[in-house]
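Participant: The structure's right below; bear with me while I get my questions together.
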2 protein chains.
Amino acid sequence: MADTEYSGVQLHRELQTIAMSKQRTVRLECGKPTQMNYVLGTELSIDVYKPSPPKSQLFEIRFSPGVKCSILDQQHVTPVTEHAVKSVLRKGTILLVRQDKTSKNVNDNKVTVTFYEDKSNNPIDEMTLQFTAVDISLDVDADRDGQVEENHPNKASWSWGPNGHGAILLVNCDKDEAFSSKPDNTDNLVNSLSDLKDMSHMILRTEGPQILQSGYKFQLYVSVSDRYKVQVFLRERGRLLHVLGNQKLSFVTNYTFGKKKYDFFIEGLRFPDKDFDGLVTINLSLLESMTVGEAPIFTDRVVFRMAPWIMTPNTLAPAEVFVCSVAGNEKFLKEFKAVVAKVNCKLTICPEYMNRRDRWIQDEIEFGYIEAPHKYFPVVLDSPRNRELKDFPYQNILGPDFGHVTRTSDVVNSLDSFGNLEVSPPVRVNGKEYPMGRIIIGSAFPTTSDGRNMAKVIRDFLYAQQVQSPVELFSDWLLVGHVDEFMTFIPAPDRKGFRLVLCSPDACCKLFKKLEQEGHGEAQMFEGQNTQSIKINKILGNQKLLEDNVYVQQCVDWNRDVLKKELGLDEEDIIDIPVLFTLDQKHGKAMSFFPDMVNMIVLGKYLGIPKPFGPLINGKCPLELEVRAALEPLGLDCNFIDDFAAYHLLTGEVHCGSNVCRKPFSLKWWNMDM
Amino acid sequence: MADTEYSGVQLHRELQTIAMSKQRTVRLECGKPTQMNYVLGTELSIDVYKPSPPKSQLFEIRFSPGVKCSILDQQHVTPVTEHAVKSVLRKGTILLVRQDKTSKNVNDNKVTVTFYEDKSNNPIDEMTLQFTAVDISLDVDADRDGQVEENHPNKASWSWGPNGHGAILLVNCDKDEAFSSKPDNTDNLVNSLSDLKDMSHMILRTEGPQILQSGYKFQLYVSVSDRYKVQVFLRERGRLLHVLGNQKLSFVTNYTFGKKKYDFFIEGLRFPDKDFDGLVTINLSLLESMTVGEAPIFTDRVVFRMAPWIMTPNTLAPAEVFVCSVAGNEKFLKEFKAVVAKVNCKLTICPEYMNRRDRWIQDEIEFGYIEAPHKYFPVVLDSPRNRELKDFPYQNILGPDFGHVTRTSDVVNSLDSFGNLEVSPPVRVNGKEYPMGRIIIGSAFPTTSDGRNMAKVIRDFLYAQQVQSPVELFSDWLLVGHVDEFMTFIPAPDRKGFRLVLCSPDACCKLFKKLEQEGHGEAQMFEGQNTQSIKINKILGNQKLLEDNVYVQQCVDWNRDVLKKELGLDEEDIIDIPVLFTLDQKHGKAMSFFPDMVNMIVLGKYLGIPKPFGPLINGKCPLELEVRAALEPLGLDCNFIDDFAAYHLLTGEVHCGSNVCRKPFSLKWWNMDM
C-alpha cells in the first residue's frame, strides 16, 4: 500500500476480493450422477428445465432424509415435500437444495429429478445429484467476551458500541523475553506462552465424513497489504508454525476428514495509521479442483480491528511516576519524591548514565495502553524528538507486558516533544460523547505556512487511533511551544469531574496591581534564588512587559475559546492561574517570567506545582495563596516544588521534567459509540 | 460514503485545521475603551467580574441601538433590556454581545458596563467596548442549482442525496483551445471564457463601513495536500489572477472598506483516487494584527466535492461510435456501418495511420463523463495498455468539452484492457440502490497469488469514484481475459430494464446434440470461411473439447452466482447464449471456438453481433436462430456481422473492435443516496 503523504478515506481494502455467493449454480444431466461437496449454510441452484429430455412435461423430485428441496418458479419458492408429487415443467424452473447436517459418509445425500411425458408413472429419464455435506467455520471472539464462539453471524464485519461486534487484535509490541532485544512483533516466532497470550485466538472448525476426499483443499489468505499488519501462527502437534504474514500471503492445506479443529493465533504487527483504518480481514476458502487450477467454492471470512493506542488523562490514577536524576536536581528530586510518596505509587528514577543529562522526560515519551477482551498492557509512545533520553524508552521501558511504539521524522522541532501532547478527561460536546477524552496537540495557526507543527507522522498516528479525536491548539506563540506551558486538567468532585486550568497573565497583573494598591509594591520576587530579584512595582512599571502579556493573554484566550467549543466547556469549568510571560527578543516567542504554575504534575488529588517564588507578604506568597484558594476547595493537595534552578531557568518546569504512566479507563474502547 | 466491503472510516482531513470558535473571549478594563472588529454571526464573551473595581457590588449595562447583550450567570442566559437595570455582580458573570447589522462607521457600536458600590446612582467606574461590525461570507453553489447563493448554512460540509448539500467541482481535463497541446488543468492560466465555464464560481462578500481599517487582512488558503487538487483564480479588473494551488498555499489581501464582492473561480485538478476522497476545503480567515504576527479571529469555510468519472451502461443511448479502419477489415466495416446507420448516431473511424493496425479500440479507452450543476462533458479514460492506439485518445479525442484522464503502470497485462471493464445498468440489491449501476472488472481468483489482475492504479481510480461501486469477476480463465468475452447487458422493456447475457457452452452443447439427434450431425461449421470447416458430430465426438467446455461452464457459473448476488438478479434476468470454447495448450486458458456472440455492440435496440458461422440447416444458422429467439422478443434488432477473419481469428470480436460514447444518465450523481 502506497504510503502517500496525504491521506483521505481508505476507499477500499487494497485487495478487492471477489465477492462470494452463498448460492452456487450446479448443472445436472440425465444419465450420469453429479457428485460434489456441499458446505452447510450455502444453497445449490439447479436448472431443471434445461437438461430435461425434449418430451418432458412433468417432473418429480425425491431426496434422501435431511435434504431440503424447494422449487423456484417465476420467483415463487415452494418447498418440496417428502412425498413426491409431479409438477409441471416450465422454462426457468429452478430446484434449490440445502442440507443442515454434515454427512456421515461421502455422497450420502441424494436428490433425484425424474421426468415424465404425462401423468402415468413411466419416467422418460432422470438425473441425480449426490453430495457430501461438510461444515466449515472460521471462528473468532466476535462478541468480545474473551472466548472464541462458534460461527458468530457477524464475524465478517465490525461495529462499535455496547451492541457492536467484531474481534480485536493487539499490536504485540511488548517484549516478553528478557534475552530478546526487540519487540515481539518484529520476529515471526512465538517466543513463549506469554507471547502467545498477546495474540488473538482463531479457530477453524471442520466436520465431514471419516473419509478423505481428494480434489479439495483449504486456503487461508490475507490481502497484499494486510500481510504487513498481521501474522498468523498455527498450533500443530504442540509447535507453532508461522503460516501467514510478511512474505506469506496464503497457506494451503489439504481438506481433512472427520471432525477437526485448527487453532490459529493472530499477532498484530502495526497500529492503525494514515494508511490503515485498523481493520484486517482473514479469509478461508474451500478450493475445488477444476480442469485448470482450483476454484474457491466457499469462503468464510473474519474481521479484526487493531486495538488503538489510548492516552490517559490526569483524572486517571497514576501507576508509575518517572523522573530523571541529573547533577544539580537533588533538592528538586527530594521534594518531588515527597509528593509521589503521598500517592503511594511506584517511582522510577532514570539515572544520569541513561538520561545523559536530558531531564525532560515528559518530552521524550507519552504513556498509553492497548486493550483487547483477552489482554491489556501499557504502551509507551516514543517521540521523534530523540535527544539524549532517546534510548531510555526502548531499552528500559519496553519489556514483558509493556509495549513500545515510535514514529521517526527526519526533521524535528520543539513541538514534536510530548509536553505538547496531552489528553482531556471524558467530555460531552453538543450531545457527542468522548468517553475517553480528546487528544490535545499544540500547533501553529492554520493560516501560517512557516509556523512550527508537530511532525505529520505523529499527528497522523494520533488521528488514526480514532477513539480520542484530537483537538489542535495554537502553541507556536511559546518559545518552547508546548501546550503544557499554558494548560492542564485537574480532577474535581463536581461538574464534569475536572477543571481546565489555564495560565493567565491578566490574573497575574490584576493580583500584582492589587498588591501594589495594598502597599506591597516594594515586595520582591525571587528572593533567595540564584537570580536577580525584582520588585512588584518594577514589574508593573515595565510597559513593554505588560503589553507583551496582553498579547500572551490574547493567545491563551484564542485557545480558551477553542477549548470551550471543542470540549463543551463553560466558564465555570475553567480556572485561571496567575502566570507572567516575557517575549524573547529574537523571535518574539513567550517564556514564563517566574515558575509556570500551570506546568504541574497531577497524581490523583496530589499536585506537584512549580514554586513561583513570588513576593512574600507577611511570610506568604500571594501567588501560592491564589492557587491554593482556587484549587483546595476542590479537595486538591497543593505541593509547591522548587524547580527554579534545575528546571525553570532551563525553560521547563515540574511537568516537563516528569512523566506518569496511569491506570487504564474502566470503559472498554470497543464499547464507544463512534 | 466509503465504498468497501469492510467499511473504512474517514479518519481525518490531512490538514487538521485548528478549530475556530464562533465565540470570542474579549477582555475589557476600566479606564480605557477597548476597540475591535466584530464579524456578524459570532459572539463576544466578556468577563464582567474580573476587571471590576474591588468594591463593586452592582453593575449596569448600556449599549447602542442594534447591539444585543445578555448576561450568562451560572449557566442562565438573561437578555439585557435597553432600559438599564442594575444587577448583582458575581464571580463568573459573563456578558455576551452580538450584533446583526454591519456598521456604518468605525466603532459605531458601543457597550458600557458601569460598576456601583450600592443602589445609589454614583458609579465607581466603568469600562467600554467599541466595535465595528462587519459581514464576511465566502459563498458557493452549495444547493446545487448552478448559482452561488448567499451564506448557505451548510456550505462547510457535503452530503449526498436529493436533500443533500455541498458544492461541486469538475476536473478541468478537457482542452478548450485548439492551439493548446495539453488539458486545461495542466497550466495555471484561464485560457478562454469556455475554460472559465468548466470552473466553479466562489464569491467572497464583505460589508463594513466606508473607511479603511488598518491591522486587518483577509487570507484565503488551502491545506498542503489540497493545493494539488484545486487551483483558484481571482477576477480583478477583468483579469484572472492565479491566487491558490500548486505552489501557492495562501493568498493574503488587505481587508477592504465598504461593500465588496470578490469573484473566484475554482478549477479541479485531480480526480478522486485512493489517496483523495474527493473533498476539498477552501478557507477564508480574517487576520488581526497582534504584537507578534496575526491571529485568525474569524474563519469561513466552503467544501467542494470533485465530480466522479461516471461510466455509461449499454442501456444508455449512444452518442458516438468508434471503430478502426485497418487493412483487411473492409467487409466488417461495411456491415458495421450499416448497423450504426440504423441508430442515426455519429460514427468516427480511426484511420490506420493513427491506429497503426491496432484495431482493438474497446481495449485502449473507456468513455465516461463528469457533471456539475453548471456543466457536463464526456471524459475518456485512457488505459495503461498503450499499444499502437495509445496516442489516439490524447491527440484525437481530447478537445473542447471532451476530457481525458489516464493512469499508467510500468507492468501491464491483458486484463488492463478495457474490454475487461464494463458497467451494469442501474440495479437494486437487497434494498440498496445503485442508480448508476455497478462497475464490472475481470480479475483472478482472490485465492490466487500468481493470477493476472487489472493494474492497481486503475482499480484504485475506479473504486475511488464511489458512485458505481465495482464488482470483480473471475476472468483470468480466458486467454485474453476480458469480461466482455463472456457477458454483456442488453436493454429490455420489462423487469429491471435489462438482461444479463452470458455465454453458455452448456447451451451450445445441448443445441448441437439436438441437431445431431435431428439428423444434422454432418452439417458443418465455418463453411465458406477461410478456415477448416468442422462437422457437428465431429465436435460432439471430441471428448476433450466437451470436458473443456464443462470447465468453461463452471467458470461462467462461478461468475453467474456472483453477478446474481452483487446485482440482485434472478434467473429470469439472465439470458444464456450458445458459445463454445477451446483451451490453449500452453496455459489452459479459454478462447472462443466460433465467433463469440456475447461480444456484441449494443446501440439502443440495435445489436451488432459476431456472426457465428454455425452449420446451415435449411439455409439457416441454428446458433443465430437461437439468439434471435432469445433477444427479438425483447424488441431487439439482431444484426450478425462477419468479423471472422478480421477479428475472430485474432482472438477478438465486434465489441473488442468498437467503442461507444453514450449519453449521460438523467439522474445527477449528487442526488444518489450513498
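Participant: Round to a whole angstrom and tell me the spacing of the C-alpha centers of segment A:240-289 and segment A:49-95.
Facilitator: That distance is 41 Å.
Participant: Write down the percent of antiparallel bridges among all DSSP beta bridges whose residues are both part of the protein assembly as shown, to the nearest 5.
Facilitator: 75
Participant: What trypsin sites (Lys or Arg not before Pro) in segment A:512-593 are in a loop by DSSP, with at most 11 other Cβ atoms within 10 Å of the Cβ?
Facilitator: A:Lys586
Participant: Then there is this: Looking at segment B:472-569, which GluC sites (Glu not before Pro) are DSSP coil and have at most 15 other C-beta atoms within 10 Å of their C-beta?
Facilitator: Counting only loop positions with at most 15 other Cβ atoms within 10 Å, the GluC sites (Glu not before Pro) in segment B:472-569 are B:Glu518, B:Glu522, B:Glu527.
Participant: What is the ratio of the Cα radius of gyration of chain A to 2.2 N^0.38 Å, where N is its residue count, to two decimals?
Facilitator: Ratio of Rg to 2.2 N^0.38 Å for chain A: 1.30.
Participant: Using only alpha carbon pairs under 8 Å that are at least six residues apart, calculate the relative contact order of segment B:312-671 and give it in whole percent.
Facilitator: 21
Participant: In straight Cα distance, which aspartates and glutamates are under 14 Å from B:Lys342, not counting same-chain residues fewer than 8 positions off?
Facilitator: Counting by Cα, and skipping residues close in sequence, B:Lys342 has these aspartates and glutamates nearby: B:Glu320, B:Asp637.
Participant: Percent relative contact order of segment A:8-135, based on C-alpha pairs within less than 8 angstrom and at least six residues apart?
Facilitator: Result for segment A:8-135 is 33 percent.
Participant: Near B:Cys508, within a Cβ-to-Cβ distance under 10 Å, what is the net charge of the other residues, with Lys and Arg +1 and Asp and Glu -1?
Facilitator: Value of the local net charge: -1.
Participant: Follow-up question, since we're still on this one. Considering only the label points, 7 Å along Cα→Cβ from Cα, what distances in nm to one decimal separate A:Glu149 from the same position in each other copy, shortest first?
Facilitator: Nearest to farthest, the other copies are at 4.7 nm.
Participant: Straight distance only, please: which aspartates and glutamates reach the Cα of B:Lys32 with their own Cα at less than 12 Å, same-chain residues fewer than 8 apart left out?
Facilitator: The reachable aspartates and glutamates, counting only those whose Cα sits under 12 Å from B:Lys32, are B:Asp125, B:Glu126.
Participant: Another question, then. Using alpha carbons only, how many angstrom separate the centre of segment B:300-334 from the centre of segment A:330-378?
Facilitator: 65
Participant: How many partner chain Cβ atoms sit within 10 Å of a residue's Cβ in peptide B:550-557, on average, as a whole number?
Facilitator: 4
Participant: Turning to a different aspect of this structure: Taking the Cβ of A:Met306 as the center, what net charge do the other residues with Cβ under 12 Å away carry, scoring Lys and Arg +1 and Asp and Glu -1?
Facilitator: -2
Participant: Next question, about the same structure. Between A:Arg356 and A:Ala178, what is the spin-label point distance in nm, taking each point 7 Å from the Cα along the Cα→C-beta axis?
Facilitator: Between A:Arg356 and A:Ala178, the label points sit 2.7 nm apart.
Participant: Place the label 7 angstrom along Cα→C-beta at B:Gly258 and in each other copy, then list the distances from the first to the rest in nm, shortest first.
Facilitator: Distances to the matching label points in the other copies: 9.5 nm.
Participant: While we're looking at this one, here's another question. May I ask you to list the lysines whose Cα is less than 20 Å away from that of B:Lys217, ignoring any residue fewer than eight positions away on the same chain?
Facilitator: Excluding near neighbours in sequence, the set is B:Lys22, B:Lys104, B:Lys248, B:Lys259, B:Lys260, B:Lys261.
Participant: For segment B:109-184, state which trypsin sites (Lys or Arg not before Pro) are in a DSSP loop and have at most 14 other beta carbons lying within 10 Å of their beta carbon.
Facilitator: Taking segment B:109-184 and a limit of 14 other Cβ atoms within 10 Å, the loop trypsin sites (Lys or Arg not before Pro) found are B:Lys119.
Participant: Determine the calculated [θ] at 222 nm for the protein assembly as shown from helices alone, applying -39500 (n - 2.57) to every DSSP H run no shorter than 4 residues and normalising by the residue count; nearest 500 deg cm²/dmol.
Facilitator: -4000 deg cm²/dmol
Participant: Once the other residues with Cβ under 11 Å from the Cβ of A:Leu546 are scored (Lys, Arg +1; Asp, Glu -1), what is the net sum?
Facilitator: -1
Participant: While we're looking at this one, here's another question. Please compare each pair in B:Lys390/B:Lys589; A:Lys331/A:Lys564; B:Lys274/B:Lys432; B:Lys346/B:Lys432; B:Lys197/B:Lys346; A:Lys229/B:Lys456 to a cut-off of 30 Å on the Cα-Cα distance and tell me which ones are over it.
Facilitator: Listed pairs above 30 Å: A:Lys331/A:Lys564; B:Lys346/B:Lys432.
Participant: So what's segment B:312-671 giving for Cα Rg divided by 2.2 N^0.38 Å, two decimals?
Facilitator: Expressed relative to 2.2 N^0.38 Å, the Cα Rg reads 0.95.
Participant: With a ≥ b ≥ c taken as the square roots of the eigenvalues of the C-alpha gyration tensor of the protein assembly as shown, please select rounded if a/c is under 1.5 and otherwise prolate if a/b is larger than b/c or oblate if it is not?
Facilitator: The shape class here is prolate.
Participant: How high is the relative contact order of chain A, in percent, counting Cα pairs under 8 Å that sit 6 or more residues apart?
Facilitator: Relative contact order here is 11 percent.
Each reported figure results from applying straightforward, stated rules to the coordinates on display, with no laboratory input. Computed from a predicted structure; not experimentally measured. All Cβ positions, glycine included, derive from the backbone under ideal geometry; neighbour counts span all protein chains shown.
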